[in-house]
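Quick notes on the structure that follows.
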Amino acid sequence: MNPRVEINLKKIRHNTETIVTMCRRMNIDVAGVTKVCSGNVDAARAMADGGVKYLADSRMENICNLQDINIPKMFLRIPMQSEIDYLVRYTDYSLNSEIATIKKISMEAVKRHKKHSIILMIDLGDLREGVWHEDFQETVRGIAALEGIEFAGIGTNLTCYGGVLPSKSNMTMLLNIAHEIRKRYGISLPIISGGNSSSLHLVDRGLMPEGINNLRIGEGIFLGRETAFGKKISGLYDDIFTLYGEIVEIKRKPSLPCGEIGVDAFGKTPEFVDRGSRMRAVIALGRQDINPEGIIPEDKDVYILGASSDHLIVDIEESLSKYEVGGEMSFRLTYGGLLQSMTSGYVKKVIVNENI
Ligand SMILES: *Cc1c(COP(=O)(O)O)cnc(C)c1O
């Protein structure tokens, strides 16, 4: 079955256990984020088995699929008002920043005789979601007045848009806001969520201030990296996923195209370097399946030359492996590569359960 991504569940479980243990030492609970896996149920179950306290996703379709896994669900994207019935039905927690939307959640929760827990997002400067860190008071008062809502905590998201790194200083800012809300409004605010995988480096180095008690972790578990500096986390697997594509052509060709050059299929004018005649392979793997910038040949001597909608062109001149038509080539995935291949309906997802 090609193309396909093979997913090693034992490695997901191992990475989850390792990160959960590391966080637990600092009194931090982990929400396992499944979105980079398109909410894959087997991956989510491996995370749950590995000890995450919540499962979290940014897409309603994904999180609705995880119903059978019996741990609390956290919705990550600021919810659309048009999906609030699903939100209240299928999730327990959501990250929010708009009082108008939270009011609608409250109404829906009351209607369904349910409680929905809100984590208010605070923008500490990354400029993606959240109420600005200087003016949260009015939203806090608004939430506190609503029925059907549990004001469960505050959180922040960093390194996503502005590239702002989590630090002792911005984590302390978040804690100070929590402290102020608790004191002024008498809200217990049990959850203080200090970000995504980019916050792991603070945990790893013992720099996370006490009081941050939740992190939302996807990439750290799935790729074995903290994302602030892109460093591998020791003791974690960074080869959970392997992408396979099938070779449909192998030929020696010049490295410069012949004829007048216009634009390629995506409106770009391609550029070429003349390296003489080279052995090349065409793989049945294109932009409908993958993001060519996000895949890395496992064979270090293979170079990606380019990709169109359905074809990936690679230079195999220097490779020591014997490739043939009908054979396969394998790739490691970056975050972007994993996201695209797990999202593409053309790429099969194959679970491997081999021992590690
Ligand atoms: C995607 C996302 C996360 C998880 O990010 P990773 O880098 O995969 O750990 C956490 N929080 C929010 C709000 C997200 O959208």
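Here are the numbers for this structure:
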| read-out | value |
| --- | --- |
| Gain upon complete extension [residue 231, residue 68; 0.36 nm per residue less C-alpha separation] | 55.3 nm |
| Sulfur and carbon atoms: percent of accessible area, segment 205-312 [1.4 Å] | 50 percent |
| Computed over the chain: relative contact order in percent, which uses C-alpha pairs under 8 Å that are six or more apart | 19 percent |
| Accessible area expressed per residue, the chain, with surrounding protein chains retained (probe 1.4 Å, Å²) | 47 Å² |
| Shape metrics for segment 219-334, restricted to C-alpha atoms - Rg then Dmax, Å | 16.1, 52 |
| Too-long pairs where the Cα-Cα distance tops 21 Å, listed order kept, from 232/349; 53/183; 322/348; 322/349; 11/348 | 232/349; 53/183; 322/348; 322/349 |
| Residue 27 versus residue 253: modelled label distance in nm, points set 7 Å from Cα along the beta carbon direction | 6.2 nm |
| Gained length - residue 246 relative to residue 137, 0.36 nm times residue gap less alpha-carbon distance | 33.6 nm |
| Segment 54-213 - percent relative contact order, Cα under 8 Å, separation 6 or more | 17 percent |
| Around residue 84: net Lys/Arg minus Asp/Glu count, Cβ-Cβ under 11 Å | +2 |
| Cα-based radius of gyration of the chain once divided by 2.2 N^0.38 Å, which approximates compact folds | 1.13 |
| Helix-derived mean residue ellipticity, 222 nm - over the chain, DSSP H n ≥ 4, -39500 (n - 2.57), to 500 | -7500 deg cm²/dmol |
| Dipole magnitude of the chain, debye to nearest 20 (Cβ charges: Lys/Arg +1, Asp/Glu -1, about Cα centre) | 900 debye |
| Accessible area of segment 34-104 belonging to carbon and sulfur atoms, whole % at 1.4 Å probe | 40 percent |
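The values are calculated or read from the model by the stated rules, or taken from the named source; none is laboratory data. In this text, all values refer to a predicted model and were calculated from it rather than measured experimentally. Here the Cβ is made from the backbone with ideal geometry for all residues, glycine too, and neighbour counts use every protein chain on show. Accessible surface areas use protein heavy atoms only, side chains included; no ligands, DNA or RNA. Shrake-Rupley method; radii C 1.70, N 1.55, O 1.52, S 1.80 Å.
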